[in-house]
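Read through the structure below, which is laid out as structure tokens, and then see the notes.
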Amino acid sequence: MLNIALPKGRLGEKIYDIFERAGYECPSIKENNRKLIFENAEKGVRYFWVKPSDVSIYVERGAADIGICGKDILAEYSPDVYELLDCKTGVCRLAVAAKKGFHDDGQNTLKVATKFVKCAEAYYASKGRDIDIIHLNGSIELAPILGLSDVIVDIVETGTTLKENDLEVVETIFPISARLIANKAGFKFKTAEIEALLSKVKLLIG
Ligand code: PRP
């Protein structure tokens with residue numbers, strides 16, 4: 001049985017559709033209920049709906065053999081997993097954003113609000129810029145508006161959230177997409193199953 005951690009939400013549903021077309025269907029997953037685990041013994045798959053930022057934890061610790069996780073999470077938490085495939089979906093970017101017209105004159109310590117503390121620290125360290133990190137858990141865009149921070153480091157997908165809050169991208173840090181990851185020991189024991197799934201999924205992703 002291959003245990004697969006899917007990120008709850010639109011991305012996970014899109015990925016499940018790919019797995020379904022690849023021959024790993026589990027029809028009960030589409031029933032509208034609050035269940036979190038779905039199994040198709042005949043196909044040898046068991047799916048879990050997991051909070052997107054937790055997928056790498058399930059996979060790293062072996063509760064799931066494989067999972068789908070954003071490159072942002074892999075960059076921020078460096079889980080000890082194999083990254084097997086770029087799913088080329090869930091595409092967005094990690095970017096620095098600020099109020100329209102903001103210019104960093106480099107004089108004072110830059111106040112940076114973010115969920116992505118390690119990524120932000122590494123980015124500003126590479127530029128030799130002194131920063132004060134403000135670790136938030138969501139609605140990051142509020143921080144520069146309320147004067148809590150000078151800039152934010154956050155995910156930009158369509159850019160709508162920035163636009164509607166009079167913010168703009170200052171710089172892109174790195175592009176993001178969903179990745180298929182695997183538990184290292186699980187990969188050793190289930191190489192054939194994982195490789196078989198991978199090759200079918202690859203064909204559909206292109
Ligand atoms: C993410 C991100 C931005 C938004 C970007 O937030 O933190 O706020 O999506 O998307 P857009 O460019 O298409 O507008 P999420 O919905 O995960 O909520 P959060 O506020 O909890 O981070």
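If R₀ is 45 angstrom, what is the calculated FRET efficiency for the pair ALA192 and THR158, using the beta carbon separation as r and rounding to 0.05?
Working: r = 40 Å, r/R0 = 0.89.
Efficiency, from the Cβ-Cβ distance: 0.70.
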Which value at 222 nm does the chain reach when only helices count, each DSSP H run of 4 or more adding -39,500 (n - 2.57), with the total divided by all residues and rounded to the nearest 500 deg cm²/dmol?
-8500 deg cm²/dmol
How much length is gained if the chain between VAL117 and ASN32 is pulled fully straight, taking 0.36 nm per residue apart and subtracting their Cα-Cα distance, in nm to one decimal?
27.0 nm
Note on the chain, DSSP bridge orientation, antiparallel percent to nearest 5 equals 65 percent
Taking H placed 1.01 Å from N in the peptide plane, check which residues at least 5 places from ALA64 or on another chain put their amide H under 5 Å from its amide H.
VAL59
Expected vector for segment 55-67, Karplus 3J(HN,Hα) from phi with 6.51, -1.76, 1.60 and θ = phi - 60°, integer Hz, x for Gly and Pro, equals 3, 5, 5, 4, 6, 4, 8, x, 5, 10, 7, 9, x
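Per-residue counts of other Cβ atoms within 10 Å, averaged by peptide: what ranking do you get for 176-189, 14-27, highest first? Walk me through the numbers on the way to the answer.
Values: 176-189: 18.8, 14-27: 16.8.
Per-residue mean Cβ counts within 10 Å order the peptides as 176-189, 14-27.
Given contacts defined as C-alpha pairs under 8 Å and at least six residues apart, what's the relative contact order of the chain, whole-number percent? Intermediate results must be reported in sequence, preceding the final value.
Details: 383 pairs, mean separation 58.3, N = 206.
Reported as a whole number, the value is 28 percent.
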Explain nothing, just the number: relative contact order of segment 46-138, from Cα pairs under 8 Å at least 6 residues apart, as a whole percent.
21 percent
Full extension from THR109 to SER199: what is 0.36 nm times the residue separation minus their Cα-Cα distance, to one decimal in nm?
27.5 nm
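What is the calculated FRET efficiency for TYR82 to GLU171, with r their C-beta to C-beta distance and R₀ = 35 Å, to the nearest 0.05?
Details: r = 30 Å, r/R0 = 0.87.
Approximately 0.70, to the nearest 0.05.
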Loop-only check: which trypsin sites (Lys or Arg not before Pro) in segment 51-94 are DSSP coil with at most 11 other Cβ within 10 angstrom?
LYS88
When the chain is fully extended, how far beyond the present Cα-Cα distance does LYS184 get from LYS14, taking 0.36 nm per residue of separation?
58.7 nm
Pairs over 24 Å Cα to Cα, from LYS35/LYS115; LYS8/LYS71; LYS8/LYS111, come to LYS35/LYS115; LYS8/LYS111
What's the center-to-center distance, using Cα atoms, between segment 1-29 and segment 117-191 in Å?
26 Å
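Computed over the Cα atoms, what is the radius of gyration of segment 131-206 divided by 2.2 N^0.38 Å, N being its residue count?
On the way: Rg = 19.4 Å, N = 76, 2.2 N^0.38 = 11.4 Å.
Compared with the compact-globule rule of thumb, segment 131-206 sits at 1.70.
Read-outs: derived from the displayed coordinates by stated rules, not from any lab. Every value quoted in this text rests on a predicted model; they were computed, and no experiment measured them. For neighbour counting, all protein chains shown are included, and Cβ atoms are generated from backbone atoms with ideal geometry for every residue, glycine included.
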